[in-house]
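Every read-out reported here was derived from the displayed coordinates using simple, explicitly stated rules and does not represent laboratory data. None of these values were measured; they are calculated from a predicted model. All Cβ positions, glycine included, derive from the backbone under ideal geometry; neighbour counts span all protein chains shown.
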Amino acid sequence: MGDRDDPGTIGRRVQRLRTARGLTQRQLAEPVYTPAYISTLEAGRVRPSDDALRHLAGRLGVAFEELATGRPARLPTELRLRLTEARRTLAVGETEAAARRYGELLAEAERHDLAEEAAAALLGLGECAVETGELVTARQYFERSEARLAAAPLPARVPALRGRAVTHYLAGELRYAVYLLESALDELNRGGLHDPDALLLLYASIIGPYMDMGAHARAAQAAEFALALAPRAGDPALVARMHRSVARTLLAEGRLAEADASLARAADLYRTLQLRTELANCHWMRGYVHAQNGRLEHAEDELREALRMHAAKRATLYGSQVAVELADVLHRRGRSAEAADLLHGVLGDLSSERGAVHAAAAHRLLGIIAEDARDTERAEEHYVRALSLLERAGAAGDLADLCRLLGDLLRRTGRVEAALDAYRTGLGHRGDPGTTTLGPAPAQPPL
């Protein structure tokens, strides 16, 4: 009885359908009801019972739900099928087409007051906006998706919450991203809401921020939990994303062969599922693995392929981040001028609000290149910019090394006191255990 329109709306709908079918009130009423009852119902002065609506729906040749709510009976199922098609469109890299489809689906879902379908369309629009680097717009879509599901259990809201955390992470707000993800993990684990897909999505998503903050122990623990949850997860794309995230912790521990194997498993799943965005990110990560292993030619090949795939999808933010890592490989291969040109070309797409950690990495590398060219003034300028970006983001994992570079530069130019300050700052960040705003780590899931 709760999910139906008001009596006046139902009455007008009955009258419209009856007239369209050429029925009189008597013909519609018989043999169970009277013409007077139909007249009163059409005027909106009586709330019809379920039995009355079923009788009228049968006489009018429509489904009960359509008569009670105005929605075609198959509409929710049809919208869910079309949402799946939109997700596939996004997965193969056709971001603009996917955004158009999600927009159409959102309008239709909202017109018929279908909250779950509207929330899914908003989630898709948020993911499209992340692809194109429109982080503020993406965050607004994710917030609207969460609001649509305000009455639903937390596991249903996790994808939108995770999306919102990702926008903060990409904007360089690492601590707040971790706060959002840890809070959700605690609520799920302590509240008995043990949804494997929701938990796996959160643990896989928190590894990156942990690593950038220098909280390597927490990242390793999150990876351990993610690997344990993977066999119980129902979404193969989610399992593939987990393998890609786990590779970061394996790299940090020097386990390069295992990291590469994890990325190979992820890439195989992405190819099977035709998830081009995630496959591009796998090439990105494998390029990083090769770079760590000193296989610079292979690293360049993988990173160029990732850059090509992101450019084809117009994923400018991800493409800019890949370009920074490609520039590092080019510099290490002795092609510093080419690396500097690449970095200057992408710095306009990166800022303290958009890819802060990679913007800092770009300035750090430009500082190193400037030092190699004996341009100490330009080198110092780039190091200071990088330091500001990393401090704002709370990326303790990179701050200590940058402070060492800056301190060495200041010492060589005779500014000993300033160099000591830089070294002290770096030591302070190196000694930071990488704890987050919450203090204790999230509760452990039931494994």
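Report, by chain and number, residues whose modeled amide H sits under 5 Å from the one on R354, excluding near sequence neighbours (fewer than 5 apart, same chain).
none
Which angle between 0 and 90 degrees, to the nearest 10, do you get for helix 356-372 versus the longest principal axis of the chain when only C-alpha atoms count?
Between the helix axis and the principal axis of the chain, the angle is about 20 degrees.
Note down the relative contact order for the chain as a percent, whole number, built from C-alpha pairs under 8 angstrom at least six residues apart.
Reported as a whole number, the value is 12 percent.
What whole-number distance in Å separates the alpha-carbon centres of the stretch 348-370 and the stretch 277-297?
Their Cα centres are 19 Å away from one another.
Given charges of +1 on the Cβ of Lys and Arg and -1 on the Cβ of Asp and Glu, with all other atoms neutral, how large is the dipole of the stretch 75-152 about its Cα centre, in debye to the nearest 20?
For the stretch 75-152, the charge dipole is close to 80 debye.
Can you check how the C-alpha radius of gyration of the stretch 176-237 compares to 2.2 N^0.38 Å, as a plain ratio?
Scaled against compact globular proteins, the figure is 1.06.
Quick one: angle between helix 276-292 and the longest Cα principal axis of the chain, in degrees between 0 and 90, rounded to 10, please.
The answer is roughly 20 degrees.
Nearest 10 degrees, 0 to 90: what angle lies between the long axis of helix 75-91 and the longest principal axis of the chain (Cα atoms)?
Computed tilt is about 20 degrees.
Identify which of the listed values of Cα Rg over 2.2 N^0.38 Å was calculated from the structure shown: (1) 1.25; (2) 0.99; (3) 1.31.
Structure-derived value, by its label: (1).
Dipole of the chain (Lys/Arg Cβ +1, Asp/Glu Cβ -1, origin at the Cα centre): which of A396, T69, T376 lies farthest to the positive side?
T69
With a cap of 14 neighbouring Cβ atoms within 10 Å, and only residues DSSP puts in a loop, list the GluC sites (Glu not before Pro) found in the stretch 308-370.
Filter output for the stretch 308-370: E353.
Evaluate the charge dipole of the chain about its Cα centre and quote only its size in Debye, nearest 20, assuming +1 on the Cβ of each Lys and Arg and -1 on the Cβ of each Asp and Glu.
The calculated dipole for the chain is roughly 1180 debye.
Longest exposed-loop-site-free stretch of the chain, with trypsin sites (Lys or Arg not before Pro), DSSP loop and at most 16 other Cβ within 10 Å?
Between exposed loop sites, the widest span is 75-254.
For the stretch 75-152, what size does the Cα cloud have along each of its three principal axes, sorted from largest down, in whole Å?
Result, largest extent first: 29, 24, 18 Å.
Counting alpha carbon pairs within less than 8 Å and at least 6 residues apart, what relative contact order, in whole percent, applies to the stretch 7-69?
It comes to 42 percent, rounded to a whole number.
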